[in-house]
Amino acid sequence: MPSYKLSQKIETMMFSFQDITGNGANLVLEWENTGIKVPITFFTNERIENTINNKLAGVTAWDYYSFANYYVSEGIKLEKALEFTNKSIKQVYTSDGKLADNMNTESLWFILRLKTNVLKKMGRKKEALKMVKGEMRDELKKIEAENPVNINFFRVETNNLISDLERFK
């Protein structure tokens, strides 16, 4: 493992983690005039990908939401994230138009917000803005009718999304 020379002398050995990502980090050791970086690999993406593939046999809307959220937060597999958000949306309501068992009036709004973030990261901001102004505002009306206590949170968040998307068209 190659070492490097420090610009200042360190009298007490220093240990730190640097260059931290979802898949690894460097353990940095520095003492006197010398430092070394020891790469550490976590295999996080690989393990999460295996979990996703194992869960795909019987997934819920929230499973799809979680998978998509992971991909978008890591900035990877955005097409897959979009596919998962769309599958999640399809599971919010049953075939007869009623809310699925593990859903409430606010569920679809959160899933649509994630889809907005996916589209934004993909550079499809016009499409995201159209969705926020259409489907998400429709969900606001349902939330207000069924659970008006939380409506201010949803209004503010929806308006923030619109402002953000309009600012960076």
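Points worth noting:
- Modelled spin labels at residue 4 and residue 135, positioned 7 Å past Cα toward Cβ, are 4.6 nm from each other.
- The mean accessible area for residues of the chain, using a 1.4 Å probe and ignoring ligands and nucleic acids, is 62 Å² per residue.
- Student exercise, the chain dipole from Lys, Arg, Asp, Glu Cβ charges, in Debye to nearest 20: 660 debye
- Magnitude of the charge dipole, the stretch 28-117, Cβ model with Lys/Arg +1 and Asp/Glu -1, debye to 20: 300 debye
- GNM result for the chain, Cα springs below 10 Å: residue of 60, 116, 44 fluctuating most strongly: 44
- For the chain, with all protein chains in place and a probe radius of 1.4 Å, 51% of the accessible heavy-atom surface sits on carbon or sulfur.
- GNM flexibility winner over the chain from 24, 134, 97 (Cα, springs under 10 Å): 97
- Within the listed set 56, 108, 27, the Gaussian network model of the chain (springs between alpha-carbon atoms below 10 Å) gives the highest mean-square fluctuation for 27.
- A Förster distance of 41 Å, applied to the separation of the beta-carbon atoms of residue 13 and residue 49, puts the FRET efficiency at 0.65.
- Calculated from backbone phi, Karplus (6.51, -1.76, 1.60) coupling profile of the stretch 80-88 in Hz, x at Gly/Pro: 5, 4, 5, 4, 5, 5, 5, 5, 5
- Net lengthening on full extension, residue 147/residue 20 (0.36 nm per residue, minus Cα-Cα): 41.6 nm
- Computed from phi, the 3J(HN,Hα) profile of the stretch 28-45 under the Karplus parametrisation 6.51, -1.76, 1.60 (θ = phi - 60°) reads 9, 10, 9, 7, 6, 10, 10, x, 9, 10, 10, x, 10, 10, 9, 6, 4, 4 Hz, with x in place of Gly and Pro.
- When both the stretch 5-59 and the stretch 134-150 are represented by their alpha-carbon centers, they are found 44 Å apart.
- Rule-of-thumb Rg ratio for the stretch 59-120 [Cα; 2.2 N^0.38 Å; N residues]: 1.06
- When only alpha carbons of the chain are considered, Rg and Dmax amount to 22.3, 72 Å.
- Extension reserve of the residue 80-residue 101 stretch, reckoned as 0.36 nm per residue once the Cα distance is removed: 5.0 nm
- Test item: Cα-centred dipole of the stretch 110-168, Lys/Arg +1 and Asp/Glu -1 on Cβ, debye: 360 debye
The values are calculated or read from the model by the stated rules, or taken from the named source; none is laboratory data. Please read these numbers as outputs of a predicted model, since none were measured by experiment. All Cβ positions, glycine included, derive from the backbone under ideal geometry; neighbour counts span all protein chains shown. Heads up: the accessible areas ignore ligands, DNA and RNA and are worked out on the full protein's heavy atoms, side chains in. Shrake-Rupley method; radii C 1.70, N 1.55, O 1.52, S 1.80 Å.
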